[in-house]
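Engineer: The structure follows.
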Amino acid sequence: MLERMEFDSDLKAKQWYNKRFSDFGVFETSIKYNSLMLKYLGLKEKSDKKLLDVGCGGGFFLKQAEKFTETFGVDFSSVALNNAKKISKAELTLCSASSLPFKNNFFDFVVCLGSLEHFIDMENALSEMKRVLKKDGKILIYVPNLNFILFKLNPATAHQPNERLASFNEWKKLIEKYFLIEKTDKHTHNPLGKLIPKEFTYSFVFVGKK
Ligand SMILES: C[S@@+](CC[C@H](N)C(=O)[O-])C[C@H]1O[C@@H](n2cnc3c(N)ncnc32)[C@H](O)[C@@H]1O
């Protein structure tokens with residue numbers, strides 16, 4: 001696992017995100033990507049289930065998920081949450097992923113999309129995600145591949161200061177300390193990415209339960 005952790009406290013990391021999002025806008029995920037993530041959760045029709053997005057950023061996934069579930073989002077960046085508030089109906093909480101303000105076994109779905117690798121204490125966040133997920137609930141985690149060709153050619157491609165890149169097996173080993181992994185997949189944003197072998201793909205998807 002490649003660890004590039006410039007900040008050792010949530011306070012400093014949060015200040016970096018708030019400045020980045022104020023200066024350049026929040027990161028935006030595409031409708032296609034968000035739909036794919038919903039597909040991994042098996043969400044096709046409206047239900048009264050509850051979904052939590054940990055490190056929800058600007059709320060683009062939540063906006064699409066709310067067609068199917070009650071939605072909740074947490075992020076430590078107030079700038080990100082202000083965007084999420086504008087575009088989604090989700091119940092949003094400004095907090096760190098290492099201390100989720102929810103009861104045990106509360107959510108049917110917990111997702112963490114492109115965020116786990118930035119949390120200073122990943123294991124604490126995973127344990128919190130597990131705590132708030134129902135026994136028959138689903139977890140969906142999306143994380144970057146250390147061996148993605150562009151990360152190798154240009155390490156600045158993964159451009160956030162607090163970031164970890166890891167191989168499929170390293171992510172699997174970490175995630176299965178907390179969850180039972182039921183399905184994995186590879187992902188790239190490029191349509192030709194399907195041709196790239198899993199080992200060199202951009203990111204990995206892990207779907208499981210506790
Ligand atoms: C790369 S963005 C991903 C955002 C969103 N999930 C998406 O797919 O666009 C990472 C997000 O994690 C948030 N974040 C980083 N560390 C966090 C922490 N310890 N607690 C809560 N949010 C955190 C950042 O503010 C940022 O919005």
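Please treat every number below as a calculation from the coordinates, not as lab data. Please read all numbers here as calculations on a predicted model, not as lab measurements. Cβ atoms come from the backbone with ideal geometry, glycine included; neighbour counts cover every protein chain shown.
Engineer: Please list, by residue number, every one of the GluC sites (Glu not before Pro) in the stretch 104-210 that is coil in DSSP and has at most 16 other beta-carbon atoms within 10 Å. Provide the component values of the computation, followed by the final result.
Structural biologist: Details: sites: E117, E123, E128, E163, E170, E176, E182, E199; in loops: E176.
Loop-located and lightly packed - E176.
Engineer: Given a cut-off of 21 Å, name the pairs among K32/K152; K103/K186; K49/K138; K130/K173; K134/K198 whose C-alpha atoms lie farther apart than that in the structure shown. Provide the component values of the computation, followed by the final result.
Structural biologist: Details: K32/K152 26 Å; K103/K186 32 Å; K49/K138 11 Å; K130/K173 16 Å; K134/K198 30 Å.
Check vs 21 Å cut-off fails for K32/K152; K103/K186; K134/K198.
Engineer: Quick one: among F24, F60, F106, which has the greatest mean-square fluctuation in a GNM of the chain with alpha-carbon springs under 10 angstrom?
Structural biologist: Between F24, F60, F106, it is F24 that shows the largest mean-square fluctuation.
Engineer: Still on this structure: With each pseudo-label sitting 7 Å past Cα toward Cβ, what's the E6-S30 distance in nm, one decimal?
Structural biologist: Those two pseudo-labels are separated by 2.8 nm.
Engineer: A further question follows. Separation of the stretch 27-49 and the stretch 69-87 by C-alpha centroid, Å?
Structural biologist: Here the answer is 16 Å between Cα centres.
Engineer: Placing +1 at every Lys and Arg Cβ and -1 at every Asp and Glu Cβ, with all other atoms neutral, what dipole size does the stretch 131-175 have around its Cα centre, in debye to the nearest 20?
Structural biologist: Numbers: 8 positive and 3 negative charges, 59 e Å.
The dipole of the stretch 131-175 has a size of about 280 debye.
Engineer: Here's something else I'd like to know. Just for the chain, what percent of DSSP beta bridges are antiparallel, to the closest 5?
Structural biologist: Counting only bridges with both partners in the chain, antiparallel ones make up about 45 percent.
Engineer: Enumerate the calculated ³J(HN,Hα) couplings along the stretch 120-125 in order (Karplus 6.51 cos²θ - 1.76 cosθ + 1.60, θ = phi - 60°), each rounded to whole Hz, writing x wherever the residue is Gly or Pro.
Structural biologist: Once rounded to whole Hz, the list reads 4, 10, 4, 5, 5, 5.
Engineer: Moving on to the next point. Karplus couplings for the stretch 12-22 from phi (6.51 cos²θ - 1.76 cosθ + 1.60, θ = phi - 60°), rounded to Hz, Gly and Pro as x?
Structural biologist: Per residue, the Karplus-derived 3J(HN,Hα) values read 5, 5, 4, 4, 4, 4, 4, 5, 4, 6, 5 Hz.
Engineer: Here is a further query. Lys/Arg Cβ at +1, Asp/Glu Cβ at -1, dipole of the stretch 5-52 taken about the Cα centre: which of G42, I31, M5 is farthest positive-ward?
Structural biologist: The listed residue farthest towards the positive side: G42.
Engineer: State the Cα centre-to-centre distance between the stretch 91-136 and the stretch 167-209 in whole Å.
Structural biologist: Centre-to-centre distance over Cα atoms comes out at 19 Å.
Engineer: Oh, and also: Compute, for the chain, the length of the dipole vector about the Cα centre, with Cβ point charges of +1 (Lys, Arg) and -1 (Asp, Glu) only. Units Debye, rounded to 20.
Structural biologist: Details: 33 positive and 25 negative charges, 125 e Å.
I would put it at about 600 debye.
Engineer: Collect residues whose amide H, placed 1.01 Å from N in the peptide plane, falls under 5 Å from the amide H of G58; neighbours closer than 5 in sequence don't count.
Structural biologist: F27
Engineer: With r defined as the distance between the Cβ atoms of K177 and T93 and R0 fixed at 35 Å, what FRET efficiency is calculated, to the nearest 0.05?
Structural biologist: On the way: r = 26 Å, r/R0 = 0.73.
Between K177 and T93 the formula returns 0.85.
Engineer: With θ set to phi - 60° and the Karplus curve 6.51 cos²θ - 1.76 cosθ + 1.60, what are the ³J(HN,Hα) couplings of the stretch 190-205 in order, to the nearest whole Hz, using x for Gly and Pro?
Structural biologist: Calculated HN-Hα couplings, in order: 8, x, 7, x, 4, 7, 6, x, 3, 4, 10, 5, 6, 9, 10, 10 Hz.
Engineer: Under 5 Å between amide H atoms, partner at least 5 residues away or on a different chain: which partners does E163 have, H built in plane at 1.01 Å?
Structural biologist: Residues meeting the amide H criterion: R4, M5, E6.
Engineer: Quick one: which residues, 5 or more positions from L133 or on another chain, have an amide H under 5 Å from its amide H? H modelled 1.01 Å from N in the peptide plane, none for Pro or chain starts.
Structural biologist: Amide H to amide H, under 5 Å and 5 or more residues apart or across chains, L133 pairs with N105, F106, F107.
Engineer: Under 1.5 on a/c is rounded, so check that first for the chain, then, if it is not, pick prolate when a/b is larger than b/c and oblate when it is not; a ≥ b ≥ c are the square roots of the alpha carbon gyration tensor eigenvalues.
Structural biologist: Working: a/c = 1.31, a/b = 1.12, b/c = 1.17.
Rounded, since a/c falls under 1.5.
Engineer: Using DSSP to define loop residues, name the trypsin sites (Lys or Arg not before Pro) in the stretch 67-176 whose beta-carbon has at most 13 other beta-carbon atoms within 10 Å. Mind showing how you got there, number by number?
Structural biologist: On the way: sites: K67, K85, K86, K89, K103, K130, R131, K134, K135, K138, K152, R164, K172, K173; in loops: K67, K89, K103.
Sites meeting the loop and neighbour criteria: K67, K89, K103.
Engineer: Among I139, N162, S96, which residue has its Cα furthest toward the positive end of the charge dipole of the stretch 80-210, with +1 on Lys/Arg Cβ and -1 on Asp/Glu Cβ?
Structural biologist: Farthest towards the positive end: I139.
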